[in-house]
Amino acid sequence: MSEDKILDQELNTEERTKEISRYLDEADEIPAGFLRRSKEPKWYVVHTYSGHENKVKVNLEKLVENRGMQDLVLQVIVPTETVYDRDSGKSKERKIFPGYVIVKMIVTNESWYLVRNTQGVTGFVGQGSEPIPLSDEEVRRMGIEKTVIVMDIHPGDAVKVITGPFKGFAATVEEVNPDKQTIKAKVDMFGRSTPVELEYDQVDKL
């Protein structure tokens, strides 16, 4: 059976929300030792059906909001990178880890159940049902948590790209996104302007 057919047979998000809510409301006592609870939020890798990473992110965020569990499940990300297609002359987003989403959470029986039973999720990366958090070194290497950079940069400013496939090219800033630490700019290359999205640490202001 294909993954799409499996997903089609699953409950839709609203029904799954009700199902999970009923379980959590009725579970007066969950057996002790079911999971090693974490006191501090850690990053965990969650396996999904390939191609459904963004759907899982949306579904999980809805469940967290509906259950008021934002203090347990803090962040859900689908790591991507911007790549340049030389044939089309355009940039596009590519998933760095196809088939996975990264979740920052405090592990409890309730938060584990919520994530594990989100539509499109096939399990945590770990030993059996026990999720194993990423180490600080793994988090740093994967670029999940980045140092916040403050840049005095505005639309219309000229910048120089210092890393990545556009290194050495000049660009004109069109849009600034402080929350994502990115800018949208037009890179001047080969006699034409190419729209790209760049991170703060990829450019220097001219």
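Some notes on this structure:
- Selection from the range 172-187 of residues that are at pLDDT 85 or above and not aliphatic (A, V, I, L, M): 172, 174, 175, 177, 182, 184, 186
- Hits in the range 56-88 (condition: in contact (Cβ under 8 Å) with a residue 12 or more places away in the chain, under 17 Å from the mean Cα position of the chain (by Cα) and in a loop (DSSP other than H, G, I, E, B)): 72, 78, 79
- When residues of the range 129-143 are limited to those that are in a helix (DSSP H, G or I) and not β-branched (Val, Ile, Thr), the one nearest to residue 49 (Cα to Cα): 142
- Qualifying residue in the range 102-115 (condition: aliphatic (A, V, I, L, M), touching a helix residue (DSSP H, G or I) at 6+ places or on another chain (Cβ under 7 Å), closer than 30 Å to residue 196 by Cβ and free of Cβ contacts under 8 Å to residues at least 60 places away in the same chain): no
- Exactly one residue out of 151, 105 is hydrophobic (A, V, I, L, M, F, W, C), in contact with a Ser or Thr (Cβ under 7 Å, 6 or more places away or on another chain) and farther than 22 Å from residue 50 by Cβ, and it is 105.
- Residues of the range 147-206 that are assigned to a loop (DSSP other than H, G, I, E, B) and within 16 Å of residue 91 (Cβ to Cβ): 163, 164, 165, 166, 167, 169, 180, 190.
- Any hit, the range 63-75, residues being modelled with pLDDT of 60 or more, surrounded by fewer than 12 Cβ atoms within 10 Å (Cβ to Cβ), out of contact with any strand residue (DSSP E or B) (no Cβ under 9 Å at 6 or more places or on another chain) and polar (S, T, N, Q): yes
- Hey, residue 57 at pLDDT 90 or above and not β-branched (Val, Ile, Thr) or not: yes
- Taking the range 31-54 as the range and being modelled with pLDDT under 90 and either touching a strand residue (DSSP E or B) at 6+ places or on another chain (Cβ under 9 Å) or surrounded by 14 or more Cβ atoms within 10 Å (Cβ to Cβ) (or both) as the test, the residues that pass are 35, 36, 38.
- Residue satisfying all of: in the range 173-183; more than 17 Å from residue 204 (Cβ to Cβ) and under 20 Å from the mean Cα position of the chain (by Cα); surrounded by the fewest Cβ atoms within 10 Å (Cβ to Cβ) among these: 179
The values are calculated or read from the model by the stated rules, or taken from the named source; none is laboratory data. Just so we're clear, the structure is a prediction, and the values are computed from it rather than from any experiment. When we count neighbours, we look across all protein chains shown, and the Cβ atoms used for this are built from the backbone with ideal geometry, even at glycine.
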